[in-house]
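The values are calculated or read from the model by the stated rules, or taken from the named source; none is laboratory data. Small disclaimer: the values here were computed from a predicted structure and weren't measured. Heads up, the Cβs are rebuilt from the backbone with ideal geometry, glycines too, and the neighbour counts pull from every protein chain shown. For accessibility, only protein heavy atoms count, side chains too; no ligands or nucleic acids. Shrake-Rupley method; radii C 1.70, N 1.55, O 1.52, S 1.80 Å.
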Amino acid sequence: MSDNTSVRKCLFPVAGYGTRFLPATKAMPKEMLPIVNKPLIQYGVEEALSAGITQMGFITGRGKRAIADHFDTSYELESEISGTSKEKHLEPIRTVIDKCDFMFMRQREMLGLGHAVLTGEPMVGNEPFAVVLADDLCLNDGEIPNALQQLVEIHQKYNCSVVMIQEVPKSDTASYGIISGEEIEQGVYQIDDMVEKPQPEDAPSNLAIIGRYVLTPNIFDYIRQTKPGANGEVQITDALKVLAEDEMVLAVKLKSRRFDCGSIDGFVEATNYYYQHQHY
Ligand code: UTP
């Protein structure tokens, strides 16, 4: 059974080119890059599953077929290693495949994250949904609620759209959507302004939006009305900014650790951390 605050679906926009990882991403999706032995996208799906979500919708593009194959049974591999000592290596992905449904839609033109989310509308319908950018890897060690669980809890308490934020050095604001707002409970801000990729001198704070959202379905209408902004792309931040003028939108400070695996430095840092702490 679902009420109007339960979150059953998660969108994974994975259509981007991943240019920062070329040539590795020439024929392979960025989201299939592994942190030790597990692809980034699987960490994201496992996080959503731990947050109680079982319907996973991917916004894909050309050259992303490996993601669909990853979340499907590989009969050849299964029969090859069935009954051998190697079978245990397949168990984590088998569990994910058994517990979730997977949907795919193609974003034919890379017109930005807002456009990617709008492309996913037919997979979502008229209910609240999560969005995970798998290249923002949030540590999910079971000690505290994972990033998406933290967002779902606040969404269920206030019944509104929520975004995840993290403090960043002021010098880094041009890489993020930046919010400002009033702290209404510890670590929860009611947003009054948002700017996509501001220069440090123009940034309203150092609270940066990271790749986790729980959105109410009226966001689709707001995206439809959003004109291309920074980098000529339809930005989800611009749609959320207008939504926040009309109704409450909250920002929740991430309690766990995050690695920016869309950058080489963050990817290497995550690899070292996960290897040393065996979070794989
Ligand atoms: P990024 O800005 O990280 O772009 O997109 P990118 O193409 O993946 O990587 P670089 O910058 O070229 O190295 C943030 C997220 O939004 C998705 C990307 O797949 C990534 O998960 N995205 C972005 C889309 O799905 N469609 C778009 O049109 C733009």
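Considering only residues in region 3-29 that are near the ligand (Cβ under 6 Å from one of its atoms) and not charged (D, E, K, R), the one that is farthest from L215 (Cα to Cα) turns out to be T19.
Scanning region 222-241 for residues that are outside any helix (DSSP H, G or I) and not charged (D, E, K, R) yields Q225, T226, P228, G229, V234, Q235.
Only one of the listed residues (I209, I236, I184, I219) is open to solvent by 10 Å² or more (accessible area, probe 1.4 Å), under 28 Å from E31 (Cβ atoms) and in contact (Cβ under 8 Å) with a residue 24 or more places away in the chain. That residue is I209. Among the residues of region 222-233, those identified as open to solvent by 10 Å² or more (accessible area, probe 1.4 Å) and out of contact with any strand residue (DSSP E or B) (no Cβ under 7 Å at 6 or more places or on another chain) are Y222, R224, Q225, T226, K227, P228, N231, G232, E233.
Listed conditions (1) under 21 Å from R258 (Cα atoms); (2) within 15 Å of the ligand (Cβ to nearest atom) are all met by F58, apart from (1). In region 37-51 there is no residue that is closer than 17 Å to G120 by Cβ, open to solvent by less than 20 Å² (accessible area, probe 1.4 Å) and away from the ligand (no atom under 16 Å from the Cβ). When the residues of region 1-16 are filtered to those that are open to solvent by 50 Å² or more (accessible area, probe 1.4 Å) and not polar (S, T, N, Q), the one that is nearest to the chain's Cα centre (by Cα) is R8.
Residues considered: T84, T25, T73, T19. Of these, the only one that is surrounded by 15 or more Cβ atoms within 10 Å (Cβ to Cβ), modelled with pLDDT under 95 and of a type in the set (S, T, N, Q) is T25. For region 242-256, filtered to residues that are modelled with pLDDT of 95 or more and not in a strand (DSSP E or B), the residue that is most open to solvent (accessible area, probe 1.4 Å) is E245. Would you check if I59 is closer than 21 Å to A130 by Cβ and touching a residue at least 60 places away in the same chain (Cβ under 8 Å)? So I59 passes the test. Tell me which residues, restricted to region 179-212, are within 21 Å of D260 (Cα to Cα) and touching a Leu at 6+ places or on another chain (Cβ under 7 Å). Of everything in region 179-212, those that are within 21 Å of D260 (Cα to Cα) and touching a Leu at 6+ places or on another chain (Cβ under 7 Å) turn out to be I179, M194, I210, G211, R212.
Take the conditions (1) in contact with a helix residue (DSSP H, G or I) (Cβ under 6 Å, 6 or more places away or on another chain); (2) over 24 Å from V7 (Cα atoms); V249 misses just one of them, which is (2). Could you list, in sequence order, all residues of region 223-266 that are among the β-branched types (V, I, T) and farther than 15 Å from S161 by Cβ? Those that are among the β-branched types (V, I, T) and farther than 15 Å from S161 by Cβ: V234, I264.
Among the residues of region 132-153, the one identified as among the hydrophobic types (A, V, I, L, M, F, W, C) and more than 17 Å from the chain's Cα centre (by Cα) is I144. Taken over region 87-96, the criterion of being closer than 20 Å to E47 by Cα and surrounded by 10 or more Cβ atoms within 10 Å (Cβ to Cβ) is satisfied by H89, L90, P92, I93, R94, T95, V96.
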